[in-house]
Amino acid sequence: MKIAILPGDGIGPEIVDQAVNVLNVLGLKFEMETAAVGGAGYAAHGHPLPEATLKLAKEADAILFGAVGDFQYDSLERSLRPEQAILGLRKHLQLFANFRPAILYPELTGASTLKPEVVSGLDILIIRELNGDIYFGSPRGMREAPDGPFKGSREGFDTMRYSEPEIRRIAHVAFQAARKRDRRLTSVDKANVLETFQFWRDIMIDVHKEYPDVELDHMYVDNAAMQLVRAPKKFDVLVTGNMFGDILSDAAAMLTGSIGMLPSASLDANNKGLYEPSHGSAPDIAGKGIANPLATILSAAMMLRFTFNLGSEADRIETAVKKVLAQGLRTADIFEAGTTKVGTAEMGAAVVRALA
Ligand code: IPM
Ligand code: MG
């Protein structure tokens with residue numbers, strides 16, 4: 001069980017440390033190796049995804065990833081920016097299936113900006129395709145417009161495209177995930193405007209024939225955005241493309257009011273995975289010891305469940321997290337009057353204690 005530890009930038013190292021402590025207390029035999037990624041990769045080796053880091057990520061069974069990005073790297077050319085590390089890992093390792101659960105813990109209902117009756121008990125799962133769409137489609141670039149009303153002017157362009165096998169494989173992942181839950185799947189598209197997503201819808205309908213026990217419906221992305229804030233509990237599992245999934249998963253995360261609590265998994269076809277918190281590198285609070293490590297700790301739990309088939313160990317971690325919340329411990333991002341404010345290391349240590 002080899003795990004590549006890629007802490008990255010900003011609060012990444014602090015939160016990953018806590019997740020590693022949690023993994024170490026389980027008494028399992030993990031081999032862990034750490035490497036630089038993102039801005040830290042650029043600083044150390046001149047590239048956000050250094051060759052040695054990519055090699056380690058390929059060899060490992062799973063990757064525990066912190067976060068990448070820091071103000072100081074914003075002016076670098078695109079290919080050297082920290083974000084290229086995560087995009088490169090997703091592409092090189094064919095991590096095409098991104099699981100982004102949005103769960104509202106009962107103790108944190110007050111953290112949401114939405115009314116309690118709208119969000120209490122929320123438990124939905126967004127499955128985002130991660131290897132295709134306008135994120136990776138070619139051609140792309142900047143050029144002189146070859147046609148259209150602004151022919152000859154400078155323009156930027158990207159290409160939205162999805163191949164049939166790409167849609168089929170994410171559809172299977174989504175139907176199978178829905179089977180393990182409430183058996184309801186909503187496919188989010190823009191079939192009314194985009195050819196890519198009419199095709200997406202056609203394939204979803206075709207794959208559905210293999211999963212008659214799962215209820216499938218289709219929703220345009222603009223309506224899905226509206227329904228997510230109007231009545232989010234009506235959803236069970238959503239499946240969508242890379243671009244729409246990026247946007248909707250941030251909206252869904254905020255329903256819970258605590259993006260510091262949400263883990264994510266990005267899987268290949270063999271359940272090798274990259275596990276990372278849903279939030280970013282928060283460079284403004286880096287090094288202060290106040291970041292919430294729970295999303296990363298919960299990502300480690302997802303790793304045990306998905307990659308290592310250690311479901312009961314994953315349950316143990318999730319139970320321990322619930323226990324520290326019930327004890328009233330809160331990092332600054334989820335703090336409310338009447339609870340106890342703790343730092344990153346204290347929160348991690350509390351989870352370790354709850355596991356013992
Ligand atoms: C995410 C992030 C990334 C994305 C960025 C950092 C490249 O927003 O994981 O959602 O757009 O996919
Ligand atoms: Mg995003």
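Counting only the Cα atoms, region 185-284 fills a convex hull of 138 Å³ per residue. 3J(HN,Hα) along region 214-226: 9, 7, 10, 10, 10, 9, 5, 5, 5, 5, 4, 4, 5 Hz, from the Karplus curve 6.51 cos²θ - 1.76 cosθ + 1.60 with θ = phi - 60°, whole Hz, x for Gly and Pro. Its Kirkwood hydrodynamic radius, worked out from the mean inverse distance over all distinct Cα pairs, puts region 156-214 at 12.2 Å. Rounded to the nearest 0.05, the FRET efficiency derived from the C-beta distance between F71 and T339 at R0 = 35 Å is 0.65. With all protein chains present, calculate the accessible area of M261 using a 1.4 Å probe and round the result to the nearest 10 Å². Here the accessible area works out near 0 Å². Close amide H contacts of I126 (hydrogens built in the peptide plane, cut-off under 5 Å, sequence separation of 5 or more or a different chain): R100, A102, L238.
Comparing N192, N98, N223 in a Gaussian network model of the chain where C-alpha atoms under 10 Å apart are linked, the largest mean-square fluctuation is found at N192. Between K151 and N192, the FRET efficiency estimated from the beta carbon spacing at R0 = 25 angstrom works out to 0.35.
So for region 206-251, what percent of the C-alpha to C-alpha distances run longer than 18 Å? Summing the P(r) of region 206-251 above 18 Å gives 32 percent of all pairs. Can you pull the percent of region 274-326's accessible area that's carbon plus sulfur, 1.4 Å probe, other chains left in place? Within region 274-326, the accessible surface is 51 percent carbon and sulfur. The residue among F175, V188, P116 whose Cα reaches farthest toward the positive pole of the charge dipole of region 102-250, with charges on the beta-carbon of Lys, Arg, Asp and Glu, is P116.
Out of every Cα pair in region 89-148, what percent are spaced more than 15 Å from each other?
68 percent
In this simple spin-label model, placing a label point 7 Å from the Cα along the Cα-to-Cβ direction at both R140 and D315 gives a separation of 4.2 nm.
Distance cut-off 26 Å, Cα to Cα: go down the list K2/K341; K233/K322; K58/K209; K91/K209 and report the pairs above it. Checking Cα-Cα distances, K2/K341; K58/K209; K91/K209 exceed 26 Å.
Given the -39500 (n - 2.57) contribution per DSSP H run of 4+ residues, what per-residue ellipticity at 222 nm results for the chain, rounded to the nearest 500 deg cm²/dmol?
So the calculated ellipticity at 222 nm is -12000 deg cm²/dmol.
For region 272-303, the residues whose amide N sits under 16 Å from a probe point set 7 Å from the Cα of A43 along the beta carbon direction are 281-289. Each of S79 and A326 was given a label point 7 Å from its Cα along the Cα-to-Cβ line. The distance between the two points is 5.4 nm. If R0 is taken as 22 Å, the Cβ-Cβ distance between K180 and K209 corresponds to a FRET efficiency of 0.65. On the principal axes of its alpha-carbon atoms, the chain has extents of 63, 49, 38 Å, going from largest to smallest.
Using the Cα centre of region 203-356 as origin and beta-carbon charges of +1 (Lys, Arg) and -1 (Asp, Glu), tell me which of H208, G241, A301 is placed farthest towards the positive end of the dipole. Working it through, the farthest residue towards the positive pole turns out to be A301. Using Cβ point charges alone (K and R +1, D and E -1), the dipole size of the chain about the Cα centre works out to roughly 500 debye. Take every Cα pair under 8 Å whose residues are at least 6 apart in sequence, average their separation, divide by the length of region 102-250, and the relative contact order is 32 percent. The string of couplings for region 159-166 from the Karplus curve (6.51, -1.76, 1.60, θ = phi - 60°) is 10, 8, 8, 9, 8, 4, x, 5 Hz, one whole number per residue in order, with x for Gly and Pro.
For region 102-250, the share of accessible area belonging to carbon and sulfur comes to 53 percent (1.4 Å probe, ligands and nucleic acids excluded).
Debye sum, Cα scatterers, region 102-250, no solvent: what log₁₀ I/I(0) at q = 0.11 1/Å? Debye curve over Cα of region 102-250, log10 I(q)/I(0) at q = 0.11 Å⁻¹: -0.50.
The values are calculated or read from the model by the stated rules, or taken from the named source; none is laboratory data. Treat the numbers as computed from the prediction; the structure is a model and nothing was measured. Glycine also receives a Cβ, built like all others from the backbone with ideal geometry; neighbour counts cover every protein chain displayed. Quick note on the areas: whole protein, heavy atoms, side chains included, nothing else; ligands and nucleic acids left out. Shrake-Rupley method; radii C 1.70, N 1.55, O 1.52, S 1.80 Å.
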